[in-house]
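Novice: This structure is in structure tokens; I'll ask about it shortly.
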């Protein structure tokens, strides 16, 4: 049953429902006020306004957890590590206590279990029905829409091996990094193969285009800096050499097939779909920082700069269109672009700024911790941002927080949001959670049942003809 906020009153600090036949609501004595309200006109309170006010004043959780997935523990056999043994031997020499060394020697060859944590950003499976994730224990899972595993694959059982970014290719294979090199997993045969067309160690950054082309910044066999475009079958589509410094970050594909990347000395390149240079520039004295992003129309590229500002650069000729200061000391900017062309720039000092395509600031949002990941923009226009204080912020298109939750870790992988506005986030405990913003009706019902939000009880509410008073603050309400 949906609850009408017009029929909600407070008793003893909790909100309770009143019967529809009662026309008068008596508010319990409060230090701030004592009064009565008349509900002679049942339609006088707008449901959305009243529920939104309740939410704003109580900071209740404005989302619901659909499911939570925890990877299985993994069994290992303890292997002798020369460095570990040397450390225990040195401890024995210093203290004369042999117990720690003996316990370590006795553990060699015996099984032990290690807790598993999700270690990568979820990637949607090719059929759209599931998410691909990897764990700290080198296992890979496909998690279904119900939060249950569809399949599990052990990628490696070696110590000191990590799986990097996981990506579902538009072709069929699942791509991931291991030991610094690109690998692929065929989900039908569960066979893992390394990419062999790049001779040198490849580094950690790569991206996948809309047609399955893989872009990788690295060096060729002559140790020259270059960007490879690889076909899904591990053949070279094209290779572009860059004089001077190595590639920084990852190459990024635009909507028209062009690719943008930059180097450590601040040179910015835009390459056409056939591997030819389309635009090039160097911002003197301002070394570019991390990954560029294209505008939705592909006409411009946005780049964070080392002095903390952000620049808009023409993808046609490399000219600088505008540069805006973010008021930050270093260029640790993380950027995303919404479907409407809004540029979102997050950085240090807890600042998230929205710019329109012409560089005009639309709004600014601040948190108590540094912004550690790229803003995640949903189709509905909500922005999800992870903060360094281990909180996840949901921000609407006006720059106002819809909800804030302390559910993620400072260095957790960035979240992923699907086309249905369901958000998938890695929690502090290493679980993968699917969460979704609540509807206004769900918020009102939680308020009616007196549920608490983020450790705070629901405040006293007075509802009258054309107004609502919450916690001593009176607000005007527009009637229907």
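Each reported figure results from applying straightforward, stated rules to the coordinates on display, with no laboratory input. Keep in mind the model is a prediction, meaning the values are calculated, not measured. Here Cβ is always computed from backbone atoms with ideal geometry, including for glycine, and neighbour counts include all displayed protein chains.
Novice: Sorted by average packing, counted as other Cβ atoms within 10 angstrom per residue and highest first, what order do 225-237, 291-303, 181-193, 73-85 take?
Specialist: Per-residue mean Cβ counts within 10 Å order the peptides as 291-303, 225-237, 181-193, 73-85.
Novice: Working out 0.36 nm times the residue gap between residue 428 and residue 276, then minus their Cα-Cα distance, what length gain in nm do you get to one decimal?
Specialist: Gain on stretching residue 428 to residue 276: 50.3 nm.
Novice: Quick one: Debye curve from the C-alpha atoms of the range 313-428, no solvent, what's log10 I(q)/I(0) at q = 0.14, 0.19, 0.20 Å⁻¹?
Specialist: Scattering profile of the range 313-428, log10 relative to I(0): -0.56, -0.99, -1.08.
Novice: Could you list the square roots of 5 times each eigenvalue of the Cα gyration tensor of the range 139-190, that is, the equivalent ellipsoid semi-axes, sorted largest first and rounded to whole Å?
Specialist: 19, 14, 10
Novice: Using the Cα atoms of the range 58-151 to build a convex hull, what is its mean projected area in square nanometres?
Specialist: 10.8 nm²
Novice: Report the full-extension gain for the segment residue 112 to residue 95: residue separation times 0.36 nm, less the Cα-Cα distance, to one decimal in nm.
Specialist: 3.4 nm
Novice: Taking R0 as 30 Å, what's the FRET efficiency between residue 157 and residue 234 from their Cβ-Cβ distance, rounded to 0.05?
Specialist: That pair, residue 157 with residue 234, gives E of 0.75.
Novice: If you line up the Cα atoms of the range 220-298 on their principal axes, what length do they span on each, largest first, in Å?
Specialist: Reported extents, whole Å, longest axis first: 40, 36, 19.
Novice: Same structure again: Hey, what did the range 333-437 get for relative contact order, percent, Cα under 8 Å, at least 6 apart?
Specialist: For the range 333-437, the relative contact order is 17 percent.
Novice: Subtract the Cα-Cα distance of residue 102 and residue 319 from 0.36 nm times their separation in residues, and report this length gain in nm to one decimal. Please list the in-between numbers first.
Specialist: Values: separation 217, 0.36 × 217 = 78.12 nm, distance 6.67 nm.
Taking residue 102 through residue 319 to full extension adds about 71.4 nm, to one decimal.
Novice: Over the alpha carbons of the range 303-354, what is the largest minus smallest coordinate on each principal axis, giving the biggest first in Å?
Specialist: Rounded to whole Å, the extents work out to 33, 25, 12 Å.
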